[in-house]
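One structure is given here, and the rest of the page talks about it.
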Amino acid sequence: MTTEKKTHSPRSLRFAEAGILFALLLAVVVTIGVKMNADDPAPVVEAAVMDNSELAAAVIEARQDDTTAEPVAMLTTDAEVPVEEPVVVNPLARYEAATPTVIYQDGEAAYFARDYDEAADLFEMYVERRPENAWGRYMHGLSLWKAGATEEAETALNAAVGLRPDHVKSLVNLARVRLDLARDDDALPPVEAALVIDPEYTDGYRVLGRVLHNLGRDDEAVDAYHEALARRSDDPWSLNNLGLIHIEMDAPETALAPLARAAVLAPETAVILNNLGMALERSGHTEQAADTYALADGHAKAAANLARLEAFIADGAVAGETLDLAALAASFETAPRYAAESADINGVVDDAPDSTMNVDADSAVVAEESPTAVALGDGGL
């Protein structure tokens with residue numbers, strides 16, 4: 001048998017040598033690695049701390065070459081949210097360049113439109129520009145009063161009187177404000193001063209009657225209302241208040257004529273109708289009283305009085321005779337009985353920039369709702 005000797009080509013030898021060298025190198029690397037692992041502790045890799053915005057930026061950079069990656073939502077912390085300041089709108093900004101006359105006229109228009117808050121704001125702006133004008137102070141006080149800011153109204157009216165001590169309307173309305181503040185004693189001096197300045201001022205006598213009535217001086221209050229009616233016989237509130245005092249003085253028959261006249265002058269005023277019904281009831285005209293209460297639509301006291309009388313009549317109460325109220329109204333007459341002292345003060349202020357009437361009704365009745373405002377038509381402020 002012939003044995004053939006294998007021979008290797010130079011190329012095969014080179015591959016073999018390369019393999020042996022690779023194996024030797026691998027063994028060295030493994031040996032070194034084992035030694036390092038045995039001698040040195042494993043390194044601790046600390047995680048990088050990123051805030052939300054840095055994290056988002058890193059993710060975007062890693063994926064910027066990857067067209068298949070989904071878009072990454074940007075994260076925003078609360079501290080990075082912009083704070084929007086509320087926009088404050090000044091409703092009176094349009095008046096910053098307006099003349100005082102325009103401001104006054106618009107304030108007066110707001111007052112008569114019964115937008116008393118805006119009127120008070122406008123007259124406050126007016127008195128800032130014309131601090132020495134008594135009419136501006138006066139209208140500021142009226143507006144504040146009607147807006148419910150009674151103490152501030154007193155301050156404004158005091159300022160008006162300080163500027164013009166002879167300003168009759170400021171004095172009388174100062175007395176009204178003090179009545180609303182339940183300061184009846186303090187209400188008396190200004191209204192008495194007004195009547196010294198102008199003994200013919202009807203509103204002054206009506207307010208004087210209210211003050212005296214509240215102070216328990218009923219006989220003097222009756223005289224004050226007669227003085228008011230002697231100057232203006234068609235003043236329904238003086239008639240109403242006069243009738244109320246007679247009812248309280250237990251003289252309902254005497255109350256009938258002034259209340260009947262008041263009802264003719266103001267037939268839809270519930271307060272007056274309720275008082276007339278009370279005078280009729282207390283003077284024995286039961287059924288007619290019930291009919292009068294029924295006319296006072298929407299008045300809580302009148303409704304309660306009507307329900308009581310209807311039950312009373314249903315039980316067989318005597319209805320009483322029916323009076324001719326129109327004849328009673330026509331029969332009412334009054335004459336001046338209150339003598340106000342006259343002073344040597346003739347400077348009555350009735351020269352307002354524009355004619356402004358006092359539209360506040362004066363009622364001595366404690367009603368469930370404010371009495372209907374009546375234009376008194378005296379001109380001026």
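The values are calculated or read from the model by the stated rules, or taken from the named source; none is laboratory data. The model shown is predicted, which means the values in this text are computed figures rather than measured ones. Please note: Cβ atoms are built from the backbone with ideal geometry, for glycine as well, and neighbour counts cover all protein chains shown.
Numerical summary
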| item | result |
| --- | --- |
| Hits in region 269-304 (condition: polar (S, T, N, Q) and either over 16 Å from P252 (Cα atoms) or buried (at least 21 other Cβ atoms within 10 Å of the Cβ) (or both)) | T269, N274, N275, T292 |
| Per-region count, region 193-208, residues more than 18 Å from N241 (Cα to Cα) and touching a residue at least 40 places away in the same chain (Cβ under 8 Å) | 5 |
| Count - residues of region 315-327 that are aliphatic (A, V, I, L, M) and modelled with pLDDT of 85 or more | 4 |
| Test result for R183, within 21 Å of T99 (Cβ to Cβ), of a type in the set (K, R) and modelled with pLDDT of 95 or more | no |
| Region 247-288: number of residues that are assigned to a helix (DSSP H, G or I) and farther than 18 Å from Y225 by Cβ | 10 |
| Count of region 169-200 residues which are in contact with a Phe, Trp or Tyr (Cβ under 8 Å, 6 or more places away or on another chain) and more than 15 Å from N133 (Cα to Cα) | 7 |
| Residue in region 106-151 that is farthest from K169 (Cα to Cα), counting only those that are surrounded by 20 or more Cβ atoms within 10 Å (Cβ to Cβ) and basic (K, R) | K146 |
| Close pairs (7 angstrom Cβ cut-off, 6 or more residues apart or separate chains): farther than 14 Å from A120 by Cβ in region 149-164, aliphatic (A, V, I, L, M) and not in a helix (DSSP H, G or I) anywhere | R164/V349 |
| Leading residue by the ranking (surrounded by the most Cβ atoms within 10 Å (Cβ to Cβ)) among those in region 160-205 that are touching a Ser or Thr at 6+ places or on another chain (Cβ under 8 Å) and of a type in the set (A, V, I, L, M) | A160 |
| Residue within region 206-220 that is surrounded by fewer than 24 Cβ atoms within 10 Å (Cβ to Cβ) and in contact with a Lys or Arg (Cβ under 7 Å, 6 or more places away or on another chain) present | no |
| Any hit, region 213-230, residues being in a helix (DSSP H, G or I), hydroxyl-bearing (S, T, Y) and under 29 Å from A109 (Cβ atoms) | no |
